[in-house]
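What follows is one structure encoded as structure tokens, with my remarks underneath.
Derivation of every value follows stated rules applied to the coordinates shown; laboratory data play no part. Just so it is clear, the structure is predicted and the values come from calculations on it, not from any experiment. Counting neighbours? That spans all protein chains shown, and the Cβs are built from the backbone with ideal geometry, glycine included.
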Amino acid sequence: MQRTKVKDLLQGAEVGKEVLLKGWVRTKRGNKYVNFIAVNDGSTINNLQVVAEAEKFPEEALKDVTTGAAIAVTGELVASQGKGQAYEIQATSIEVLGKADPEAYPLQKKAHSLEFLREIAHLRFRTNTFGAVFRVRNAMAFAVHKFFNEKGFVYMHTPIITASDAEGAGEMFQVTTLDLNNPPRTEDGNINFEEDFFGRATNLTVSGQMEGEVAAMAFSDIYTFGPTFRAENSNTTRHLAEFWMIEPEMAFYDLKMNADLAEEFIKYVIRYALENNREDIEFLAQRQAEEDKSKPQNERQEMTLIEKLEMVVNNDFERITYTEAIDILLNSNHYKKKKFQYDVSWGIDLQSEHERYLVEKHFKKPVIVTDYPKDIKAFYMRLNDDGKTVAAMDILAPGIGEIVGGSQREERMDVLVERMKSVGINPDDMWWFLDTRRFGGCPHAGFGLGFERVVQFVTGMGNIRDVIPFPRTPQNAEF
Ligand code: 4AD
Ligand code: MG
């Protein structure tokens with residue numbers, strides 16, 4: 001007999017028929033006449049209720065049917081008399097496939113804290129919250145591919161191990177095959193990376209952009225979607241050492257077209273989740289509303305999660321330049337009352353408190369900030385005519401801060417080489433990158449969207465560690 005998933009059973013497709021259900025016990029409750037077993041198989045937030053009459057299933061027969069156990073149930077799918085579910089299974093057989101000792105199983109009926117669940121990331125998938133989060137994440141990942149493929153973009157796999165530091169920020173994890181306890185040395189005592197597998201020092205990629213730019217010079221429109229790594233101090237609720245980034249790169253695009261694409265893309269992915277994972281998002285919205293009740297008034301959300309998502313997909317993002325952003329901050333009462341921890345002046349790197357002020361207090365919606373000072377941005381961004389700013393864009397989202405970083409790229413060989421030198425990059429090391437300017441170079445642009453940050457936005461989860469299955473953060477790489 002073929003197994004049917006809970007999601008399909010709950011839609012009543014096989015009502016009146018004999019069905020086979022397989023999944024994990026969430027709860028068992030009952031009395032001396034009947035037991036009700038709630039079973040979940042991960043296909044939906046909802047459990048399927050199994051009715052086990054005591055006549056057929058005495059206490060003894062159900063002793064191993066405890067929270068966490070894997071079971072197989074056969075029985076008739078019938079309309080439910082109880083409230084809370086439309087259908088239930090009238091069990092004719094129940095087999096325990098894998099026991100879960102109630103004394104040892106860490107997940108019990110009560111709600112567990114997210115901190116506790118992070119310690120048992122291998123089991124947290126079995127909770128309602130993480131089930132919902134990772135189904136939403138899955139839908140959003142699918143939507144990413146759907147969006148770009150519908151537009152004719154080519155999905156490009158870029159290398160994980162590379163010698164380039166795409167962001168020039170030096171936040172890289174070194175990769176080596178050398179025995180670092182006893183490394184080969186050069187005559188002047190340095191570690192001799194020439195004896196490494198690659199014959200040189202390499203690292204885990206911080207971004208697939210450089211390779212993406214190269215590919216865009218042949219396919220016109222490409223995107224990457226893969227893991228990226230940053231050895232920055234990631235002890236915040238917005239940073240991971242390993243995160244997934246989506247990086248589209250488009251030939252013949254300028255900054256405005258880049259911003260238009262990014263806005264359309266973000267809305268598409270959110271709308272897809274809202275339409276396809278409604279129950280999960282409703283559950284997460286409820287969860288956030290509950291959590292809010294324990295917070296002081298001024299920290300509570302002004303909108304429910306669903307209202308916030310609908311606001312984002314149905315309204316234009318605000319677009320301002322960096323210079324305008326600085327003016328807004330300087331003219332704010334917040335600034336006049338000295339409420340910012342970091343001072344504001346033209347040239348500063350916007351701190352998260354500044355970004356949050358702009359999106360949460362001033363505009364109350366996502367904001368695209370463009371044309372940042374060149375000194376705080378990467379070397380590859382196109383220099384504007386003022387000679388001071390670059391054609392950069394960051395997209396800031398309420399409650400999260402930066403979700404996208406991108407730019408029009410510097411396609412002019414001489415300007416690019418000059419900028420490389422001024423930030424200490426040897427142009428010879430990036431000969432292949434410069435070749436794209438040398439041979440058929442053209443105006444082009446792209447951006448990087450931090451996938452977990454958008455999943456955070458859609459699920460309302462406060463900590464980025466709770467939206468990636470196995471978070472890599474300082475002191476956390478066990479699994
Ligand atoms: O702004 P970033 O550093 O830009 C780049 O890497 C460019 N190469 C992108 C491009 O133009 N192709 O990173 C892009 C996005 C950020 O806006 C943020 O959402 C996310 O990646 N991000 C992180 N997410 C989680 N943890 C971290 N440590 C992150 N660092 C960046
Ligand atoms: Mg950035």
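For this structure, a couple of remarks:
- Net charge dipole, the chain: roughly 1740 debye, given to the nearest 20, about the Cα centre with Cβ charges of +1 for Lys and Arg and -1 for Asp and Glu.
- Among Arg419, Arg412, the order by Cβ neighbours within 10 angstrom, fewest to most, reads Arg412, Arg419.
- Proximal aspartates and glutamates to Lys99, defined as alpha-carbon separation beneath 15 angstrom and excluding residues fewer than eight positions away on the same chain: Glu60, Asp64
- FRET efficiency, Thr321 to Glu76 (Cβ-Cβ, R0 45 Å, nearest 0.05): 0.10
- Subset of Lys308/Lys365; Lys5/Lys110; Lys295/Lys365; Lys256/Lys364 violating a 18 Å alpha-carbon distance limit: Lys5/Lys110; Lys295/Lys365; Lys256/Lys364
- Segment Lys293-Asn233, length gained on full extension (0.36 nm per residue, minus Cα span): 18.5 nm
- With a Förster radius of 30 Å applied to the C-beta separation of Asp435 and Phe197, the computed FRET efficiency comes to 0.75.
- Those aspartates and glutamates that a straight Cα-Cα span of less than 19 Å connects to Lys7, excepting residues fewer than 8 apart in one chain: Glu18, Asp41, Glu76, Glu88, Glu275, Glu279, Asp280, Glu282
- Inter-centroid distance (Cα atoms) of the range 384-440 relative to the range 263-319, Å: 33 Å
- Residue exposure sequence - Asp371, Asp41 - by fewest surrounding Cβ within 10 Å: Asp41, Asp371
- Computed lengthening from Lys339 to Thr27, 0.36 nm per intervening residue step minus Cα-Cα distance: 107.4 nm
- Kyte-Doolittle at least -1.0, axis length at least 15 Å by Cα - qualifying DSSP helices, the chain: 128-150, 255-276
- Taking a point 7 Å from the Cα of Ala477 along the Cα-to-Cβ direction, none of the residues of the range 185-201 has its backbone N closer than 17 Å to it.
- Farthest positive-ward along the chain dipole, Cα basis, beta-carbon charges - from Asn35, Ala325, Tyr335: Asn35
- Put in order of Cβ neighbour count within 10 Å, fewest first, the listed residues Met245, Met393, Met311, Met1 become Met1, Met311, Met245, Met393.
- If R0 is taken as 25 Å, the Cβ-Cβ distance between Val415 and Cys442 corresponds to a FRET efficiency of 0.95.
- Label reach from Glu171 (point 7 Å along Cα→C-beta): in the range 208-250, amide nitrogens under 18 Å belong to 208-210, 226-247.
- Applying the criteria of a DSSP loop state and at most 16 other Cβ atoms within 10 Å to the chymotrypsin sites (Phe, Trp or Tyr not before Pro) of the range 245-307 yields Phe252.
- Within the chain, antiparallel bridges make up roughly 85 percent of the DSSP beta bridges whose residues both belong there.
- With a threshold of 18 Å on the Cα-Cα distance, the over-threshold entries among Lys377/Lys421; Lys336/Lys374; Lys151/Lys267 are Lys336/Lys374.
- Cα-projected label distance for Asn190 with Gln90, points at 7 Å along beta-carbon direction, nm: 8.0 nm
- Built amide H within the under 5 Å cut-off of Val50, gap 5+: Ile37, Ala38, Val39, Ile89
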